[in-house]
Amino acid sequence: MIEAIQLVEADFPWLLPLFVFIFGAVVGSFLNVCIYRIPEERSVVVPGSTCACGQPIRFFHNIPILSWLFLRGRAACCDERFSVRYPLVELTTALLFTASWMQLETVPALLGMFFIAILLCATFIDLDHM
């Protein structure tokens, strides 16, 4: 498995960091859910994401970083403003995951990503609730 990763990196050095960046943004989106719901002792799985007005957020309006930019920081259903923190958590996670991938070997990088996710979640929960 690791040999296959090394072969891909040799031929396409930009491909795996791009995938890691996208994966980090997706994890960052999930971390936003965790940051909001865990202190309230709510499930992070169900129900799906909803707007402040109660309308479900459609999957194509929930693409990490890009949706916030395309919708200009506003909800598609009610035009309510979304916090800039959502794309910042997603972007921070994506950048830290990419840095971990590029600085470390495969297994330590994956472990680093795991700890990065835990620390980001804990940090933002602590900032919200002290």
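Looking at region 40-60, is at least one residue of a type outside the set (Lys, Arg) and under 26 Å from Pro17 (Cα atoms)?
yes
State the number of residues belonging to region 1-29 that are modelled with pLDDT of 95 or more and more than 12 Å from Trp101 (Cα to Cα).
5
Could we say that Val45 is open to solvent by 50 Å² or more (accessible area, probe 1.4 Å) and at pLDDT 85 or above here? Even if it seems obvious, please write down each step before you answer.
Working: open to solvent by 50 Å² or more (accessible area, probe 1.4 Å): yes; at pLDDT 85 or above: yes.
Here the answer is yes, as Val45 does meet what is asked.
Is it the case, given these coordinates, that Val44 is assigned to a loop (DSSP other than H, G, I, E, B), within 19 Å of Leu119 (Cα to Cα) and not hydroxyl-bearing (Ser, Thr, Tyr)? Outline the logic, then answer.
Details: assigned to a loop (DSSP other than H, G, I, E, B): yes; within 19 Å of Leu119 (Cα to Cα): yes; not hydroxyl-bearing (Ser, Thr, Tyr): yes.
Against the criterion (assigned to a loop (DSSP other than H, G, I, E, B), within 19 Å of Leu119 (Cα to Cα) and not hydroxyl-bearing (Ser, Thr, Tyr)), Val44 qualifies.
Step by step: first the residues of region 48-58, then only those that are assigned to a loop (DSSP other than H, G, I, E, B) and over 15 Å from the mean Cα position of the chain (by Cα), then the one that is surrounded by the fewest Cβ atoms within 10 Å (Cβ to Cβ). Which residue is that?
The first filter runs over region 48-58 and keeps only residues assigned to a loop (DSSP other than H, G, I, E, B), leaving 48-49, 51-55, 57-58.
Narrowing the set further to residues that are over 15 Å from the mean Cα position of the chain (by Cα) leaves 48, 51-55, 57-58.
Values: Gly48: 11, Cys51: 15, Ala52: 11, Cys53: 10, Gly54: 8, Gln55: 13, Ile57: 15, Arg58: 12.
Within region 48-58, the match that is surrounded by the fewest Cβ atoms within 10 Å (Cβ to Cβ) is Gly54.
So which residues in region 8-31 are assigned to a helix (DSSP H, G or I) and either in contact with an Asp or Glu (Cβ under 7 Å, 6 or more places away or on another chain) or surrounded by fewer than 10 Cβ atoms within 10 Å (Cβ to Cβ) (or both), if there are any at all?
Passing the criteria: Ala10, Asp11, Leu16, Ala25, Gly28, Ser29.
Sort out which residues of region 94-130 are under 21 Å from Phe12 (Cβ atoms) and either outside any helix (DSSP H, G or I) or touching a Lys or Arg at 6+ places or on another chain (Cβ under 8 Å) (or both), and write them in order of number.
Across region 94-130, the qualifying residues are Leu104, Glu105.
Count, please, the residues in region 56-82 that happen to be among the polar types (S, T, N, Q) and at pLDDT below 85. I'd like the intermediate steps shown before the answer.
Pass one, region 56-82, residues among the polar types (S, T, N, Q): 62, 67.
Subsequent filtering for residues that are at pLDDT below 85 retains 62.
Qualifying residue count for the region: 1.
Quick check on my filter: what residues within region 60-93 are free of Cβ contacts under 8 Å to residues at least 40 places away in the same chain, open to solvent by 70 Å² or more (accessible area, probe 1.4 Å), closer than 30 Å to Leu110 by Cβ and assigned to a helix (DSSP H, G or I)?
Within region 60-93, Phe60, Leu66, Leu69, Leu88 qualify.
The values are calculated or read from the model by the stated rules, or taken from the named source; none is laboratory data. It should be emphasised that the depicted structure is a prediction, and the values quoted were computed from it without experimental measurement. Counting neighbours? That spans all protein chains shown, and the Cβs are built from the backbone with ideal geometry, glycine included. These area figures cover heavy atoms from the full protein model, side chains too; ligands, DNA and RNA do not enter into them. Shrake-Rupley method; radii C 1.70, N 1.55, O 1.52, S 1.80 Å.
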